[in-house]
1. Before we move on, is residue 69 aliphatic (A, V, I, L, M), in the same structural domain as residue 6 (by the TED database) and in contact (Cβ under 8 Å) with a residue 60 or more places away in the chain?
2. Could you please give the count of residues in region 102-115 that are open to solvent by 70 Å² or more (accessible area, probe 1.4 Å) and either within 21 Å of the chain's Cα centre (by Cα) or not aliphatic (A, V, I, L, M) (or both)?
3. Working only within region 79-98, note down all residues that are surrounded by 16 or more Cβ atoms within 10 Å (Cβ to Cβ) and free of Cβ contacts under 8 Å to residues at least 60 places away in the same chain.
4. Suppose we filter region 34-56 for residues that are open to solvent by 50 Å² or more (accessible area, probe 1.4 Å) and of a type in the set (Asp, Glu); how many remain?
Amino acid sequence: MNQDEVTRLQNIVKKLQAEDGCPWDRVQTHESIKAGCIEEACEVLAGINILTETGKADNLKEELGDLLLQVIFHANLAEKEGLFNLQDVAQAAADKMVRRHPHVFHDPMRGKDGQPVTDWGEIKKLEKEGREWEEDYLPGALVEGRELINKAAKRKGLSMTPEGV
């Protein structure tokens, strides 16, 4: 990946969200672009299916770019809100991958009993200790995601019945 292109995209998003940028982009919030995020994730799935069935990767590349745009858009909103920035997002993802793959990157984490913890699920459990309440939000988010997918399908004139898709 050419880091310069990621930085270029980030700068484009910042310009779009700036006071002299695009009127639509300037007023968006994390809430208002939820639908776009889930829709782009579904379009990535379609791109994977196209690649699998045809060997053509152009659609997947385009849709991954659109999903990356969503990540950058949210990160830039968060930066404007003083919460975090794109570098923080990338660092959190990189740190998580290193922690969860001790067999590749480092000696294993140690549990409270001092024993090595190498199981991915156990590592995740240790990471989330004290934050278990966050999982309470997942069922509602899955329902919301389904509703947003159904709205996207309706907007695009697609049937979401098993025989319609």
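The values are calculated or read from the model by the stated rules, or taken from the named source; none is laboratory data. Keep in mind that this is a model prediction, so the values were computed, not measured. Every residue, glycine as well, gets a Cβ built from its backbone with ideal geometry; the counts of neighbours run over all protein chains shown. Remember, those area values only see protein heavy atoms, side chains included, never the ligands or the DNA or RNA. Shrake-Rupley method; radii C 1.70, N 1.55, O 1.52, S 1.80 Å.
1. Details: aliphatic (A, V, I, L, M): yes; in the same structural domain as residue 6 (by the TED database): yes; in contact (Cβ under 8 Å) with a residue 60 or more places away in the chain: yes.
In short, yes.
2. 7
3. Residues of region 79-98 surrounded by 16 or more Cβ atoms within 10 Å (Cβ to Cβ): 79, 86, 89.
Within region 79-98, 79, 89 qualify.
4. Qualifying residue count, region 34-56: 1.
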